[in-house]
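Okay, so here's the structure we're looking at.
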Amino acid sequence: MKRKKQCPMDDYVAQLREIETRLQTVRSRWNQTADDCLIDSCIYEISSLHKQYQYYLRLVKNAGVTAWEGRRQMV
């Protein structure tokens with residue numbers, strides 16, 4: 001049986017959701033730590049995730065996906 005090819009837009013929206021989840025995790029870890037080195041690490045990780053989020057968001061916007069279509073794919 002052949003598998004249905006997944007649309008790249010589905011991958012982009014899935015990446016956005018994954019990054020949102022990872023951001024929540026890192027922010028939680030940041031709020032629970034007191035060590036300066038670990039706080040710095042969290043700050044760099046949050047910055048990196050924001051850049052990734054901006055990249056995938058730009059891809060989705062350039063493809064013309066509306067907010068409603070994106071939400072429907074995420075559910």
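Could you tell me how many of the residues in the stretch 34-58 are in contact with a helix residue (DSSP H, G or I) (Cβ under 6 Å, 6 or more places away or on another chain) and either exposed (fewer than 11 other Cβ atoms within 10 Å of the Cβ) or not aromatic (Phe, Trp, Tyr) (or both)? Before the answer, list the steps.
Going residue by residue through the stretch 34-58, those that are in contact with a helix residue (DSSP H, G or I) (Cβ under 6 Å, 6 or more places away or on another chain) are 42, 45-46, 49, 52-53, 56.
Adding the requirement that they be either exposed (fewer than 11 other Cβ atoms within 10 Å of the Cβ) or not aromatic (Phe, Trp, Tyr) (or both) leaves 42, 45-46, 49, 52.
The qualifying residues number 5.
Do you know which of the residues in the stretch 25-34 that are part of a helix (DSSP H, G or I) and more than 19 Å from TYR55 (Cβ to Cβ) is farthest from the chain's Cα centre (by Cα)? Give the derivation first.
Within the stretch 25-34, the first condition is being part of a helix (DSSP H, G or I), and the residues that meet it are 25-32.
Next cut, more than 19 Å from TYR55 (Cβ to Cβ) only: 25, 27-32.
Working: THR25: 12, ARG27: 14, SER28: 16, ARG29: 17, TRP30: 18, ASN31: 20, GLN32: 22 Å.
Looking at the filtered set, the residue picked out is GLN32.
Go through (1) buried (at least 16 other Cβ atoms within 10 Å of the Cβ); (2) in contact with a Cys (Cβ under 8 Å, 6 or more places away or on another chain); (3) at pLDDT below 95 one by one and return the number of the condition MET9 breaks.
Exception for MET9: condition (2).
The values are calculated or read from the model by the stated rules, or taken from the named source; none is laboratory data. This is a predicted model, so every value here is computed, not measured. Don't worry about glycine lacking a Cβ; one is built from the backbone with ideal geometry, like all the others, and counts go over all protein chains shown.
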